[in-house]
Amino acid sequence: MNRLDTSDPDFAQQFHALHDWDANLDPQIEVRVRDIVAAVRDRGDAALREYTERFDGVTTASAADLEIPRSAWDAALHGLEPTQRAALEEAAQRIRSYHEHQRSEGWTFTEADGTVLGQRILPLARVGIYVPGGKAAYPSSVLMNAIPAHVAGVKEIIMTVPTPQGQVNPWVLAAAAIAGVDRVFCIGGAQAVAALAYGTESVPAVDKIVGPGNIYVATAKRMVFGRVGIDMIAGPSEILVISDGSAPAEWLAWDLLSQAEHDEIAQSIFISWDNAHIESVVNAVDAAFDRLDRAPIARKSWADRGAVIRVRDRAEACAIADRIAPEHLELAVQNPEDWLADIHNAGAIFMGIHSCEALGDYVAGPNHVLPTGGSARFSSPLGVYDFVKRSSLIHSSPAGAARLGQIAERLALGEGLTAHARSAACRIPKAGS
Ligand SMILES: NC(=O)c1ccc[n+]([C@@H]2O[C@H](COP(=O)([O-])OP(=O)(O)OC[C@H]3O[C@@H](n4cnc5c(N)ncnc54)[C@H](O)[C@@H]3O)[C@@H](O)[C@H]2O)c1
Ligand SMILES: N[C@H](CO)Cc1c[nH]c[nH+]1
Ligand SMILES: [Zn+2]
């Protein structure tokens, strides 16, 4: 774990290094992803089946085997223990009711001359949701991706999820059944993104691809953007905990490790001004590893990318949080509402010592697909707004066309665009007519 202290003269340099999560990524990844995307675009199902065999160890007798039939999801749902099913259903219900608040309506207004202006909002027709499945299965991510799409009114939701060595996670399938997914394909990585973007004989092309994934998924999403919409480029998961010492060290250790266990390149950062509290949390983290199923992943993440930053005071803590712009920010402090005015950049803010990130990851209701890598400076959690598009409406009255036509004509002539000028001018009644 990296130890930083804002009073250290090297702080700026060390802080910069902490941020650079993609500095050591293999540049060959981009080359490989480009080849995969091109192959799926050009050779469709044949390439998709080859990559699914190579990267996930899944051999298919025909392209039809890439799709997981609805009967399998229904069986998975019915096979869950009643308590497991109730947990998924309650999480789904809470996520749905939270996202219903994000619905927005179109609007119009009428000007004095009768011209009507407005905006229409319509759901996207077909979206692809990428559910990660390489190192762990994420039924919660099925709910977080599919439910806002459903609330937005998307007509068709196509889900892809890799199934390494053919292991289909029943929770993932059950979540698809609960969340209103329409079709599920057992494909992952860059090849799944390419299939959704370009379509193959089996996988329909979609309008937008959403959902988190590893570097292959993120790189492929970046490449197909423009051909289709994407939600964001989500990098490895992150948590930043700021503590005034009011939470037990052990609670905060679990919070930090809850992100470290996702991925070797996930990042957990702890900030406080209280030296004794910092040491207690560091010791609590060290003592916790042996109790983790995914200890090797968490150890590596904490060792390489984890950090403890000692600050002088609360103002410095807020300034650093804003510079990091974390995916998740836990304000493990008393009166967290007093801090909000000083925090501007964070994907999700967990307020007070009882609001741990795990609640938000699964069941609180807000979305867990969040901007990472500092992109919370300019982007937002996945939401219903990601599954709609807006069209402007212009319904000019004759009087409006006559008045605005004169302005448009003048501006068009200024740009040297004669057809534009004539188009506007021909709607201006001639004097005396
Ligand atoms: N932000 C969120 O909401 C959220 C939620 C869950 C998970 N995550 C993150 O998503 C990521 C999931 O990663 P993952 O790997 O477990 O699953 P993944 O589904 O993103 O990736 C698995 C796929 O990667 C491809 N792949 C693996 N090695 C490859 C190689 N050498 N060459 C080409 N392709 C290769 C394979 O096609 C495989 O199917 C983690 O970083 C996790 O932290 C984020
Ligand atoms: N913390 C992840 C988002 O960064 C979401 C997740 C899914 N399951 C557990 N956690
Ligand atoms: Zn998590």
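With neighbours defined as other Cβ atoms within 10 Å of a residue's Cβ, the residues I407, I29 order from fewest to most as I407, I29. Annotation: the antiparallel percentage among DSSP beta bridges lying fully within the chain is about 30. With one equal scatterer per alpha carbon and no solvent term, the Debye-computed log10 I(q)/I(0) for the chain at 0.07, 0.10 1/Å reads -0.43, -0.79. Label-to-label distance for R294 and A17 is 2.7 nm, based on points extended 7 Å past Cα in the beta-carbon direction. You can think of it this way: the chain between D42 and D10 has 6.4 nm of extra reach, that is 0.36 nm per residue less the Cα-Cα gap. Return the loop-located GluC sites (Glu not before Pro) in region 92-130 (DSSP other than H, G, I, E, B) with at most 16 other Cβ atoms within 10 Å of their own Cβ; answer none if there are none. Qualifying residues, ordered by number: E105, E111.
Available extension along the chain between E89 and H395 is 105.6 nm, counting 0.36 nm per residue and deducting the alpha carbon span. In this structure, D274 and V31 have a Cβ-Cβ separation that, at R0 = 56 Å, corresponds to a calculated FRET efficiency of about 0.75. When only alpha carbons are used to place a centre, region 126-143 and region 1-79 end up 12 Å from one another. Net length available on complete extension from W107 to A431 is 113.1 nm, with 0.36 nm assigned per residue and the Cα-Cα distance removed. Convex hull of alpha carbon positions in region 28-234: directionally averaged projected area 13.5 nm².
The residues V181, V282, V31, when put in order of fewest to most other Cβ atoms within 10 Å, stand as V31, V282, V181. Per residue of the chain, what 222 nm ellipticity follows from adding -39500 (n - 2.57) for every DSSP H run with n ≥ 4, rounded to the nearest 500? Calculated at 222 nm, the ellipticity per residue is -13500 deg cm²/dmol.
In order along region 138-145, phi translates into HN-Hα couplings of 10, x, 5, 6, 4, 4, 5, 8 Hz, rounded to whole numbers, per the Karplus curve 6.51 cos²θ - 1.76 cosθ + 1.60 with θ = phi - 60° and x for Gly and Pro. Label sites at L122 and H354, each approximated as a point 7 angstrom past Cα along Cα to Cβ, lie 4.6 nm apart.
Read-outs: derived from the displayed coordinates by stated rules, not from any lab. Worth saying up front: this structure is predicted, and the values here are computed from it rather than measured. Because the Cβ atoms are built from the backbone with ideal geometry, glycine has one as well, and the counts that use them run over all protein chains shown.
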